[in-house]
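These notes are about the structure you will find just below.
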Amino acid sequence: MPGTIERSIEELYHDDQERADAVVFGRRTQIDRRGFLGASGLAAMGAAVGGTIPFADRMPGGLIPAALAQSPAAPPKGPQYLSFPGKSDKLVVLGERPLVAETPEHLLDDDTTPIDKFFIRNNGHIPEAAKDADNWKIVVDGEVNQKLELTLAELKAKFRPVTQRMVLECGGNGRSFFSPQARGNQWTNGGVGCAEWTGVRLADVLKAAGVKSSAVFTGHYGADRNLADASKDAISRGVPIKKALDANNLIVFAMDGQPLPNIHGGPVRLIIPGWPGSASSKWLTRIWVRDKVHDGPGMGGTSYRVAINPMVPGDRPDEKNFRDLESMPVRSIITSPMNGTSFGKDVREVKLRGAAWAGDLTVRRVDISIDFGASWKRAQLTAPKNPYDWQRWTATVKLPSEGYYEIWTRATDSRGIMQPHVAGSWNPQGYAGNPMHRIAIRIA
């Protein structure tokens, strides 16, 4: 390659994309900022990605090829893989204290995410597994007519069980795509899973307690303790009472037909679908119905909050300009083939699979591009099994020749909002980053 890479590719492209093109590949673009002027830059990039680039004339300037892009989540020596009982050793560890691990996109190819492939997100100490799950106690109090104290056994006996397949997604999913880097675990697209959850409706329990007209918000509490001070809660978030009474919220005691594993909040947890996973309290012990917005750990400031009016990336936040992150943004991922897959030189057709979801909304369409976004083809999209299920999609792309290709996917939600090309709406905690997913494949 011409020039010397004095820093990482990501750092160079963040500072000055045009200069980075010149330094890394000796590349200059056409006047429309696509393609290549001269053959040397194209040859250098082709050598770097391991093949000719059939749609090189359509490649935008300043684009780091997907084959070369490194997530900030991955350390220089490569990702650290998880070693945990009952979990896949292909999950990628993002943090050890507390334990956090994400699921690479190609492991999310199942319609229902298996427990062993489901991501892990903790905020504090992992409690010991309950010795007697049926005697686990949950309290519902505050702005209710009747305080409830229910064991798990009583919860199962008094309320009708429900099973729904629903997406659970970390509020920071996609954080690594922000530039400059935001604080927190550097998730790519793997802070998500779609399991079959079995439990009772939160709304049924709240109605049994008798929610008063003064109720404004809930506060959720679990048995996990703060890492630095075990006398404090690790996290306690809640939702507006209107959201709490949504019929799809569940107090869950089973996952994919099995008792809820301890690592996923067992014996009992909340699932508040469509909103940041932090509201879905694990190891649930209490639901406090409040007459004001909840102010527990993880509420207020910039925690699980996004800017109302756009802020300058990297600037100091004005907390008055922030609101709670509620419905998660639209996102689509390619789950097959895996990024970096090579096919035989005679292959001219590749079948794609993926998933898409949109918080409280549904996905209207998914589109695929093989020419760096110059043109798009609509994928076949399935309907959700039930509310808050993700929507699987399929497509077939035809490739004109051997070479290096990037496959891009973008989803559009039921309001007409489309995934952006890059993570927008920068915020210091890196919430709601949902740029298009792209993978590299080679025909050689």
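The values are calculated or read from the model by the stated rules, or taken from the named source; none is laboratory data. All figures in this text were calculated on a predicted structure; none of them were measured in a lab. Counting neighbours? That spans all protein chains shown, and the Cβs are built from the backbone with ideal geometry, glycine included. The protein model used for the area step is the full one, side chains on, heavy atoms only, and it has no ligands, DNA or RNA in it. Shrake-Rupley method; radii C 1.70, N 1.55, O 1.52, S 1.80 Å.
Residues of the range 159-197 being of a type outside the set (Ser, Thr, Tyr), open to solvent by 20 Å² or more (accessible area, probe 1.4 Å) and over 19 Å from Ala279 (Cα atoms), which ones? Phe159, Arg160, Pro161, Phe177, Pro180, Gln181, Arg183 - these are the residues of the range 159-197 that are of a type outside the set (Ser, Thr, Tyr), open to solvent by 20 Å² or more (accessible area, probe 1.4 Å) and over 19 Å from Ala279 (Cα atoms). Within the range 347-357, the set of residues being surrounded by fewer than 19 Cβ atoms within 10 Å (Cβ to Cβ) and either at pLDDT below 95 or over 19 Å from Ala195 (Cβ atoms) (or both) comprises Val347, Arg348, Glu349, Lys351.
Just one of the listed residues (His220, His294) is open to solvent by less than 10 Å² (accessible area, probe 1.4 Å) and more than 23 Å from Leu152 (Cα to Cα), namely His294.
Residue under question is Ile439, and the condition is that it be open to solvent by less than 40 Å² (accessible area, probe 1.4 Å), within 20 Å of Val347 (Cβ to Cβ) and under 19 Å from the mean Cα position of the chain (by Cα); does it hold? Considered against the rule, which asks whether it is open to solvent by less than 40 Å² (accessible area, probe 1.4 Å), within 20 Å of Val347 (Cβ to Cβ) and under 19 Å from the mean Cα position of the chain (by Cα), Ile439 comes out as yes. Just to verify a result, which residue in the range 398-423, among those that are free of Cβ contacts under 8 Å to residues at least 60 places away in the same chain and over 26 Å from Lys351 (Cα atoms), is surrounded by the fewest Cβ atoms within 10 Å (Cβ to Cβ)? Filtering first and then ranking leaves Gly416. Evaluate the range 290-301: report whether one residue or more is more than 20 Å from the chain's Cα centre (by Cα), within 20 Å of Gln181 (Cα to Cα), in a loop (DSSP other than H, G, I, E, B) and modelled with pLDDT of 95 or more. Yes, that holds for at least one residue.
Within the range 27-66, the set of residues being open to solvent by 30 Å² or more (accessible area, probe 1.4 Å), part of a loop (DSSP other than H, G, I, E, B) and in contact with a Gly (Cβ under 6 Å, 6 or more places away or on another chain) comprises Arg33, Thr52, Pro54. Under the condition of being part of a loop (DSSP other than H, G, I, E, B) and charged (D, E, K, R), the residues counted in the range 250-289 number 2.
Per-residue answers, yes or no, for (1) surrounded by fewer than 17 Cβ atoms within 10 Å (Cβ to Cβ); (2) among the charged types (D, E, K, R); (3) over 30 Å from Ile271 (Cβ atoms):
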position	(1), (2), (3)
Lys345	yes, yes, yes
Gly359	no, no, no
Ser375	yes, no, yes
Asn386	yes, no, no
Trp390	no, no, no
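Of note, Pro261 satisfies the criterion of being open to solvent by 10 Å² or more (accessible area, probe 1.4 Å) and of a type outside the set (Asp, Glu). Please work out if Ala208 is over 30 Å from His14 (Cβ atoms), part of a helix (DSSP H, G or I) and either modelled with pLDDT under 95 or open to solvent by 30 Å² or more (accessible area, probe 1.4 Å) (or both). Here the answer is yes, as Ala208 does meet what is asked. Which of the residues spanning the range 131-151 are buried (at least 17 other Cβ atoms within 10 Å of the Cβ) and touching a Leu at 6+ places or on another chain (Cβ under 7 Å)? Answer for the range 131-151, where residues must be buried (at least 17 other Cβ atoms within 10 Å of the Cβ) and touching a Leu at 6+ places or on another chain (Cβ under 7 Å): Ala133, Trp136, Ile138, Val140. For residues that are open to solvent by less than 80 Å² (accessible area, probe 1.4 Å) and either of a type in the set (S, T, N, Q) or in contact with a helix residue (DSSP H, G or I) (Cβ under 6 Å, 6 or more places away or on another chain) (or both), scanning just the range 10-22, find the one that is modelled with the lowest pLDDT. Looking at the filtered set, the residue picked out is Leu12. So, Ala101, is that one open to solvent by less than 70 Å² (accessible area, probe 1.4 Å) and farther than 29 Å from Leu12 by Cα or not? Criteria not met by Ala101. Per the listing Ala279, Ala307, the residue uniquely of a type in the set (A, V, I, L, M) and touching a helix residue (DSSP H, G or I) at 6+ places or on another chain (Cβ under 7 Å) is Ala307.
Do you know which of the residues in the range 88-103 that are outside any strand (DSSP E or B) and within 18 Å of Asp224 (Cβ to Cβ) is modelled with the highest pLDDT?
Step by step, filter the range 88-103, then rank; the result is Pro98.
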